[in-house]
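In what follows, a structure is listed as structure tokens, so that the remarks can point back to it.
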Amino acid sequence: MTSRQRPTVLVLGTSGLGSGDEEAAVETALALLRSGHLIDTSNNYSGGSSERILGRALAAMTPEERTSAARRILTKVDRDPETGRFDADRVLRSVEESLGRLGVDAVPLLHLHDPYVVTVRDALAPGGAVSALVRLRDEGVAAAIGIAAGPVPLLQRYLDSELFDAVLCHNRYTLVDRSAASMFRDAHERGRRVFNAAPFGGDLLARGPREGARYHYRPASDALRDWTAQADLVCARHAVSLPAVALALSLREEMIDGTVVGVSSPERLDALLRLAATSIPDAVWDELAALGPAPSPIDDSGYGADE
């Protein structure tokens with residue numbers, strides 16, 4: 001039997017926009033904006049160039065296109081790139097920068113992004129970063145606010161504050177690592193929007209277990225590449241690709257509202273949409289489960305204390 005993924009939200013990541021040819025990047029941004037999918041960016045992506053290029057693309061659209069596309073751009077506030085400051089004032093300045101680059105007055109979702117330079121206690125305190133996010137939501141600058149990072153214990157502590165409408169976690173709900181599962185389930189049950197970013201974990205699940213393959217920003221171990229090679233064989237037996245199955249794991253999950261995948265060109269967008277449309281035989285999931293857990297390199301145990 002073959003199961004097709006439920007209709008779900010595919011979110012197009014733009015962290016790489018601005019790292020190459022400017023005009024080609026604008027054409028890519030136009031393709032992404034015209035795709036009808038949500039767009040994920042951040043204040044610090046490519047040093048601000050990601051937002052700036054999206055703003056250029058928006059400006060090149062018709063008024064009707066622009067209005068629709070602008071409602072689908074999700075962004076994030078980031079710490080000061082020079083000082084590392086990440087307090088309420090920095091959040092307000094970060095938003096001002098982002099809105100100016102994008103050429104919009106408001107965004108549907110604004111995340112607190114990678115708050116690793118500030119403790120959770122300080123971020124949640126009066127005058128902290130979160131107080132500014134709440135103010136921006138109250139003022140209508142952001143329709144909703146979220147927390148976006150990697151380590152699950154850190155994200156859980158922010159979620160437990162009951163101040164956030166959404167959570168984004170990367171690299172931790174994939175074929176290799178499911179450590180975000182309980183946190184995602186908890187957020188979903190609380191009525192929060194759940195975003196799963198980097199379902200390929202790097203190029204390991206996107207290109208296969210070749211020599212030099214990476215997972216979570218580091219070279220994959222021999223044991224992890226061996227496990228992935230077995231998973232690749234399972235996929236081949238059922239005439240589906242490893243990347244299609246890796247993406248489907250997230251797209252089929254009811255507790256996940258959006259799956260964020262980076263896209264660097266119109267051709268990559270077309271390839272991603274083909275992967276997303278792939279039907280996966282039910283037997284694939286059973287055979288992958290029979291392989292046992294993959295030896296994930298991710299260890300978030302150091303984030304359980306009062307960070």
Scanning for something touching a residue at least 12 places away in the same chain (Cβ under 8 Å), farther than 18 Å from Tyr45 by Cβ and surrounded by 15 or more Cβ atoms within 10 Å (Cβ to Cβ), does the stretch 95-104 turn up at least one residue? no
Looking at Ala123, Ala144, Ala129, Ala106 in this structure, which one is in contact with a Gly (Cβ under 7 Å, 6 or more places away or on another chain) and not polar (S, T, N, Q)? Ala106
Met183: passes all of (1) in contact with a strand residue (DSSP E or B) (Cβ under 9 Å, 6 or more places away or on another chain); (2) modelled with pLDDT under 95; (3) closer than 27 Å to Asp286 by Cβ but (2)
Whichever residue in the stretch 218-250 is over 18 Å from Pro293 (Cβ atoms) and in contact (Cβ under 8 Å) with a residue 60 or more places away in the chain and, among such residues, is surrounded by the fewest Cβ atoms within 10 Å (Cβ to Cβ): Arg218
Among the residues in the stretch 258-278, are any over 30 Å from Asp21 (Cβ atoms) and more than 17 Å from the chain's Cα centre (by Cα)? yes
Filtered residues of the stretch 188-224 (kept if assigned to a helix (DSSP H, G or I) and touching a Phe, Trp or Tyr at 6+ places or on another chain (Cβ under 9 Å)): Leu204, Leu205, Ala206, Arg207, Leu224
Can you name the strands (runs of 3 or more DSSP E) wholly within the stretch 101-186 that have at least 1 residues being closer than 30 Å to Ala29 by Cα and in contact with a Pro (Cβ under 9 Å, 6 or more places away or on another chain)? 145-149, 166-170
Under 9 Å between Cβ atoms, at least 6 apart or on separate chains: pull out the pairs that start in the stretch 283-307 with a residue that is surrounded by fewer than 16 Cβ atoms within 10 Å (Cβ to Cβ) and end on any residue that is of a type outside the set (S, T, N, Q) and at pLDDT below 95. Ala283/Met1
For the stretch 192-217, which positions are over 18 Å from Val11 (Cβ atoms), surrounded by 20 or more Cβ atoms within 10 Å (Cβ to Cβ) and of a type in the set (Phe, Trp, Tyr)? Tyr215
The stretch 18-41 residues that are assigned to a helix (DSSP H, G or I), paired with ones that are among the polar types (S, T, N, Q) and surrounded by 20 or more Cβ atoms within 10 Å (Cβ to Cβ) (beta carbon under 7 Å, 6 or more apart): Leu32/Thr14
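The values are calculated or read from the model by the stated rules, or taken from the named source; none is laboratory data. Source: prediction; values computed, not measured. When we count neighbours, we look across all protein chains shown, and the Cβ atoms used for this are built from the backbone with ideal geometry, even at glycine.
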